[in-house]
Amino acid sequence: MKILVVGGGGREHAVIKKLKENPKAEKIYALPGNGGIAADAECVNIAATDIDGIVKFAYENKIDYAVVTPDDPLVLGCVDALEGHGIPCFGPRKNAAIIEGSKVFSKNLMKKYGIPTAKYEVFSDMEAALAYLDTAPIPTVIKADGLALGKGVIIAETREEAKAAVVSMMRDKKFGKSGDNIVIEEFLEGPEVSVLSFTDGKTVVPMISSMDHKRAGDNDTGLNTGGMGTVAPNPYYTPAVAERCMKEIFLPTVAAMNAEGRTFKGCLYFGLMITKDGPKVIEYNCRFGDPETQVVLPLLESDLLDIMLAVTEERLAEVPVKFSDKNACCVIAASAGYPQNYEKNKLLTIDAGVLPHVYVAGAVKKDGALYTNGGRVLGVTAVEATLPEAVCSAYAMMEKVEFENKYCRSDIGARAMKGKQ
Ligand code: AMP
Ligand code: GLY
């Protein structure tokens, strides 16, 4: 089979390494991939958002199967376009990807179908939003409706901060059209859990749970990032919580999308908060999480390509989806300055022994050597019997990765280990 993977981050590297385990995957292309992914797939310089370019490449190269992983192409309708040319895909169509593409859509869906989430109001008028904030409970959460590179969520501790966020989104257009509509919602408290799931619209199979570390600094301080590390499983996701999530959130969401005529097929990501009133949805993503994928897939014992094909062909119930009972920890190395202005073009060296555990996110290859080219440069994942061992081993492997001004959080997994006590 000739397989095409759309995207070029650490998540795509993890997907590609897993797909390669199946001998049916004779050839894998990554569009655009990156300098590190080039060791595992043929990278073609077509942007993940260039839908016409992707379709043309897939058609001309007789691609048998496409895996579309990032949010932008999914929301833009990449799957619809490829299917229109007879190429089967893993990933939701545009009308289902809206579950991530519009927070107004997803909040209204949850309200309509009684799926637990934070209470909220939607605003398209700035003055009305500002007036609402005069009496809204504080802290409060302001969310831009559309995609905003994971930065469209502001937790405001004061009314002034909340109002400033509204003005920056609605008047100053900080996130462009994504801020034309906003959601103002109740601030929830509790541990966060990420649950990625496979669904073909009929069956939903949750993957092993995980925990992201979104803030740039230790002890969850500093700016929000794309994710500085992950662990799996997440100790706060107990069997009792999992059972409630299945009954109150996962099955109702899949049914709701069907009822709306927007059947979701692909990886549906549930961002959950375990509040004192039970699990609630913080956000849906229409795709694998990054860097959650870098801990979830290394624990997957079943074959990823077979599962993906079963999702596409709507026979997910027939295939095994089994996870190891070990623990995984992924530590991300970022360029100094990330998530603001960061340095690029630093020589990157990775010890050959740790290479199988490395997922490259931001690097280019020049004259046979790798150079940094992104905020998040790479992640290293360790799988061990226990979480403390996985954490220790991931940090030990990270010592074998070098580039100037490499930055890692030093406490990935600490909160999870506390949760285990
Ligand atoms: P998102 O970009 O939607 O993943 O949101 C970023 C982060 O903001 C989440 O991971 C949560 O930590 C936090 N967040 C979002 N919504 C809420 C909420 N209603 N209450 C508390 N924290 C939230
Ligand atoms: N790690 C969070 C996300 O992929 O959105």
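Laboratory data are not the source of any read-out in this text; all were calculated from the coordinates shown. Small disclaimer: the values here were computed from a predicted structure and weren't measured. Cβ coordinates were reconstructed from backbone atoms using ideal geometry, including for glycine residues, and neighbour counts include every protein chain displayed.
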*Largest-first principal axis extents, alpha carbons of the stretch 211-365, Å*: 50, 38, 33
*Under 9 Å from the Cβ of K214, count the other residues' Cβ atoms, weight Lys and Arg +1, Asp and Glu -1, and hand me the total.*
-2
*Stretched out fully, how many nm does the piece from N95 to T386 gain, at 0.36 nm a residue minus the Cα gap?*
100.7 nm
*Send over the per residue convex hull volume for the chain, Cα only, as a whole number of Å³.*
138
*Calculate how large, on average over all directions, the projected area of the Cα convex hull of the stretch 283-417 is; give the answer in nm² to one decimal.*
10.2
_Cα-projected label distance for N345 with A414, points at 7 Å along beta-carbon direction, nm_ = 3.5
*Neighbour net charge for A81 - beta-carbon separation under 14 angstrom, K R +1, D E -1*: -2
*Do you know the relative contact order of the chain, to the nearest whole percent, from alpha carbon pairs under 8 angstrom that are 6+ apart?*
17
*Where the centre of each part is set by its Cα atoms, how far does the stretch 144-177 sit from the stretch 1-64, in angstrom?*
34
*Could you work out the local net charge near K202, counting Lys and Arg as +1, Asp and Glu as -1, over the other residues with Cβ closer than 15 Å to its Cβ?*
-1
*Using θ = phi - 60° and the Karplus form 6.51 cos²θ - 1.76 cosθ + 1.60, what ³J(HN,Hα) does each residue of the stretch 137-149 get, whole Hz, x for Gly and Pro?*
x, 10, x, 9, 10, 10, 10, 5, 4, x, 5, 8, 6
*Could you rank the peptides 29-40, 226-237, 177-188 by their average count of other C-beta atoms within 10 Å per residue, with the highest value first?*
226-237, 29-40, 177-188
_Extension gain (nm, one decimal) between A164 and I138, 0.36 nm per residue minus Cα-Cα_ = 7.9 nm
_Taking 51 Å as R0, compute the FRET efficiency from the Cβ-Cβ separation of A396 and M126 and round it to 0.05._
0.50
